[in-house]
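I have placed the structure first, in the form of structure tokens, so that the comments after it can refer back to it.
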Amino acid sequence: MKVKGLRWWIITLIFVATVINYIDRTAFALLWPQMGEDLGMDNSDYALMLNIFMVTYALSKFLSGRLYDKIGTRIGFILSIVVWSLAATFHAVAQGIVSLSAVRGMLGLGEAGLWPGAVKSNGEWFPVKQRALAQGIFNSGASIGNVIAPVIIVYLYAQFGWKSTYVILGVIGLLWVIPWFILNKSKPEDHPWITEEERNLILNDRIENNDVVVEGAKSLSVTKILSYKQPWGILLCRFFIEPIWWFFAGWMPIYLNSKFGLSIEEIGKTMWISYLMAAAGGILGGMFTEAIIKRTSVDVGRKASIVIGCLLIIIGFVSIITFVSDSNYMTFIYLAGLALFGFQFAIGNIQTLSSDLFKGPSVGTLAGLAGTVAAVSPIIMNWFIGTITKGGSYTPAFVAITVSVVLAVLAIFILIRKIKLVDTTIDRIRN
């Protein structure tokens, strides 16, 4: 049996996994008002739970990247989703701060693996010019997850309560393993279902871009990877840009409730608009990059998309500071959507840089390391927002995020003069 366009089926399954991932994590923010009341916790406990998740998430990004480089993406994805699905289910039996901390930490350990795994999988299955589009499809799953999460979670909560909602979400994640195990049998060069045309497309692109991996080759050590300046561009960029997404993922429901007085149901009816705009940004950013690369180069295509996306983020946050008042919450929803559109337009290209700079065995390691660094700044942001919002204003957070976007762009342009494979045969850095 041959499956035409097998790589698109692979990325579709990863997209579905991302949707499930974000439904599971969004549930916490939406269900917290009732969970917190039932468990006797307040918003300071909520901030603590966010950071427990982020700490384990940060650690697991790097560990998962190394693990995926050793065991491959097929088994790596199964391990990740089984861990986070069981963690989601265990929320139903949490009794207090200790047990809830444990399951939040377990959720972070499992969910983190999806990102380095997707970068590595896209590097294996997609030609260079299509990787931003594949990453955009994958990233749009996060947005779609946030679009449909309020509808699904509010419905399940209304029908079954918050504990049963978590059990159902966990079961859905475990069911995903079945089609993944069947479809993703091996890498494209050995897969029995891939067509000859698609195999040649992938393998010839590797030859053309000098990205052929020697059989049995091992990942470079972290020390070796960090001896080059280009990876530092990725790490710093991810550090500065990541709080944007996590602000909306972790604090948007709380912000809408505190500033505009919206209920859980009202938040569910409006917040999806912002994330639908984000999903469009991920897809269009990938398509735009592919078109530019065809006409110019990988370097121009990636950097053009990153700059455009970051400009849209800045416009969105400056407009929020300038135009949003206590009564026009829909203005905030659309401007938040603009910022999220810009974030997704850019982030697919930023994440793909790992596979542009290094060959297969080292991609997961760098992507995982970047993910770990990217989780540190949201932890700082959560503390910062939890502190400054005691006075009721989110404006300092918006200003800080806007400045960080500028720093993210500078990190790319200063440290990655040209996006191409790093020459790892010598110790000195080549631009």
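The values are calculated or read from the model by the stated rules, or taken from the named source; none is laboratory data. Model, not experiment: these values are computed from the prediction. Positions of Cβ are backbone-derived with ideal geometry, glycine not excepted, and every protein chain shown enters the neighbour counts. The accessibility values were calculated without ligands, DNA or RNA, using every heavy atom of the protein model including side chains. Shrake-Rupley method; radii C 1.70, N 1.55, O 1.52, S 1.80 Å.
Under 1.5 on a/c is rounded, so check that first for region 146-269, then, if it is not, pick prolate when a/b is larger than b/c and oblate when it is not; a ≥ b ≥ c are the square roots of the alpha carbon gyration tensor eigenvalues.
Because a/c hits 1.5 or more and a/b fails to exceed b/c, region 146-269 counts as oblate.
So which lysines can Lys224 reach, going by Cα to Cα under 18 Å and dropping same-chain residues fewer than 8 places off?
The reachable lysines, counting only those whose Cα sits under 18 Å from Lys224, are Lys70, Lys359, Lys420.
Return the distance in nm (one decimal) between the two label points of a simple spin-label model at Lys229 and Ser186, each offset 7 Å from Cα along Cα→Cβ.
In this crude spin-label approximation the distance works out to 4.3 nm.
Taking the radius of gyration and the Kirkwood hydrodynamic radius from Cα positions alone, what is the Rg/Rh ratio for region 287-431, to two decimal places?
Answer for region 287-431: 1.04.
Could I have the simple spin-label model distance between Met1 and Ser221, label points 7 Å from Cα toward Cβ, reported in nm to one decimal?
4.6 nm
Give me the accessible area of Tyr155, 1.4 Å probe, in Å² rounded to the nearest 10.
Result for Tyr155: roughly 130 Å² accessible.
Would you work out the Kirkwood radius for region 347-412? I mean one over the mean of 1/r across all pairs of different Cα atoms, in Å.
13.8 Å
To the nearest 0.05, what FRET efficiency results for Val406 and Leu86 with a Förster distance of 51 Å applied to their C-beta separation?
0.80
What translational D, rounded to a whole number of µm²/s, comes out for region 243-372 from Stokes-Einstein when the hydrodynamic radius is the Kirkwood one over Cα pairs, at 4 °C and 1.567 mPa s?
81 µm²/s
Say R0 is 51 Å: what FRET efficiency, to the nearest 0.05, do Arg199 and Gln159 get from their beta-carbon distance? Spell out each step's value before the answer.
Details: r = 47 Å, r/R0 = 0.92.
The calculated FRET efficiency here is 0.60.
Just how many % of Cα pairs in region 82-192 lie over 24 Å apart, if you round to the nearest whole percent? Before the final figure, lay out the partial values.
Working: 2293 of 6105 pairs.
Roughly 38 percent, once rounded to a whole number.
Percent relative contact order of the chain, based on C-alpha pairs within less than 8 angstrom and at least six residues apart?
27 percent
Bin by bin, in steps of 5 Å, what percent of the Cα pairs in region 1-131 do you find, going until the bin that has the longest distance?
Whole-percent P(r) values from 0 Å outward: 2, 10, 19, 20, 16, 12, 9, 6, 4, 2, 1, 0.
Could you list the square roots of 5 times each eigenvalue of the Cα gyration tensor of region 255-315, that is, the equivalent ellipsoid semi-axes, sorted largest first and rounded to whole Å?
Those come to 35, 12, 5 Å.
Let me check something: with ligands and nucleic acids excluded, how do Val167, Val324 order by accessible area (1.4 Å probe), largest to smallest?
Val167, Val324
Taking N as the number of residues in region 63-129, what value does Rg over Cα atoms divided by 2.2 N^0.38 Å take?
1.32
How do Arg206, Arg238, Arg417 rank by accessible surface area computed with a 1.4 Å probe, from largest to smallest?
Listed by decreasing accessible area, they come as Arg417, Arg206, Arg238.
Which of the aspartates and glutamates could a cross-linker bridge to Lys185, judged by Cα under 19 Å and excluding same-chain residues fewer than eight apart?
Once the sequence-local aspartates and glutamates are set aside, what remains near Lys185 is Asp69, Glu124, Glu196, Glu197, Glu198, Glu215.
Any chance you could run the full-extension gain for Ile321 through Ser297? It's 0.36 nm times the residue separation minus the Cα-Cα distance, nm to one decimal.
Value of the extension gain: 5.0 nm.
Using a probe radius of 1.4 Å on heavy atoms only, what accessible surface per residue do you get for the chain? Whole Å² is fine.
39 Å²
R0 = 22 Å: FRET efficiency of Trp383 with Leu39, Cβ-based, nearest 0.05?
After rounding, the FRET efficiency stands at 0.50.
What percentages, rounded to whole numbers, describe P(r) for the chain computed over all alpha carbon pairs with 10 Å bin width beginning at zero?
5, 23, 34, 25, 11, 3, 0
Please give the length that would be gained between Ser393 and Ile71 if that part of the chain were fully extended, namely 0.36 nm times their separation in residues minus their C-alpha to C-alpha distance (nm, one decimal).
111.2 nm
Any idea what the alpha-carbon Rg over 2.2 N^0.38 Å comes to for region 207-301?
Ratio of Rg to 2.2 N^0.38 Å for region 207-301: 1.64.
Which residue fluctuates most in the GNM of the chain (Cα springs below 10 Å): Leu369, Leu133, Leu13?
In the Gaussian network model the winner is Leu13.
Roll a 1.4 angstrom probe over the protein heavy atoms and tell me the percent of accessible area of the chain that is carbon or sulfur.
The C+S portion of the solvent-accessible surface of the chain is 67 percent.
Straight-line reach only, C-alpha to C-alpha below 21 angstrom: list the lysines that Lys259 could link to, leaving out same-chain residues fewer than 8 apart.
Correct list for Lys259: Lys269, Lys390.
Can you pull the one-decimal nm distance between simple spin-label points at Ile414 and Gln95, each 7 Å off the Cα toward Cβ?
5.2 nm
Counting residues in region 142-215 as N, plug N into 2.2 N^0.38 Å and put the Cα Rg over that result.
Values: Rg = 20.1 Å, N = 74, 2.2 N^0.38 = 11.3 Å.
The value comes to 1.78.
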